[in-house]
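No lab work stands behind these numbers, since they all come straight from the coordinates. What you see is a predicted model, and the numbers here were worked out from it, not measured in a lab. Ideal geometry is used to build each Cβ from the backbone, glycine not excepted, and the neighbour counts take in all protein chains shown.
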Amino acid sequence: MRIGLGHDTHRFEEGPARRPLILGGVEIPYHRSLVGHSDADVLFHALTDAVLGALGEGDIGEIFPDTAEENRGRNSAEFLEYAAALLSERGWRIENVDAVIFAQAPKLGPYKEQMKARIARILNIPPDAVGVKAKTGERVGFIGREEAISAEAVVLLENNPK
Ligand code: MG
């Protein structure tokens, strides 16, 4: 077995949203958006890093640099798909993933099931092998002041016997 850990933070844009707020591959209606070279999906970035970490690979920034034009505005589902393909090529399968999103706002409860379904589909695992939880920052720190959204993820890989 292998375990992987991922973390990511993206800060909010100043002023009104300049693009959609996307978390876990789901577009969340909100009047603000996150700064990022790609689509700024912190949850997909944390999950991708968790898988890459379990494989002993580099991090998402090494594989998909934020200086590369091809990654500008890129759909982060492609990063997670890349990691999923890599783990299967290497003879691993995912037992489960678990993740926490840290966001004071917006309220994410109504979108967690959609996120789980989206993640399960990309990683080719059942939805009950995906945990997605949302926590506020209790109004303290950079999360609580609504300056940024963060995400953490862990993944457990198992050898995939042929
Ligand atoms: Mg990121």
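Take the Cα pairs of the stretch 118-162, get the Kirkwood Rh, then feed it into Stokes-Einstein at 20 °C and 1.002 mPa s and tell me D in µm²/s.
On the way: Rh = 13.3 Å.
Rounded, D is 161 µm²/s.
Across the stretch 87-162, how many lysine pairs separated by 8 or more positions, or lying on different chains, have Cα atoms within less than 20 Å? Kindly include the intermediate steps, with their values, before the conclusion.
On the way: Lys107/Lys116; Lys107/Lys133; Lys107/Lys135; Lys112/Lys133; Lys112/Lys135; Lys116/Lys133; Lys116/Lys135.
Summing the qualifying lysine pairs gives 7.
What fraction of the Cα pairs in the stretch 75-129, stated in percent, has a spacing above 13 angstrom?
Value for the stretch 75-129: 65 percent of Cα pairs lie more than 13 Å apart.
Which three extents, in angstrom, do the Cα atoms of the chain have along their principal axes, listed largest first?
Here the Cα extents, ordered largest to smallest, are 52, 34, 24 Å.
Please give the FRET efficiency for Glu147 paired with Asn124, using the beta carbon to beta carbon distance and R0 = 30 Å, rounded to the nearest 0.05.
Working: r = 35 Å, r/R0 = 1.18.
Efficiency computed from Cβ-Cβ geometry: 0.30.
Which net charge results for the neighbourhood of Asn96, defined as the other residues with beta-carbon distances under 11 angstrom from its beta-carbon, given Lys and Arg at +1 and Asp and Glu at -1?
Numbers: positive: Arg93; negative: Glu95, Asp98, Asp128, Glu158.
Summing Lys/Arg as +1 and Asp/Glu as -1 gives -3.
Based on Cα coordinates alone, diagonalise the gyration tensor for the stretch 1-87, multiply each eigenvalue by 5, take square roots, and list the semi-axes in whole Å, largest first. Provide the component values of the computation, followed by the final result.
On the way: eigenvalues 117, 35, 22 Å².
Values for the stretch 1-87, descending: 24, 13, 11 Å.
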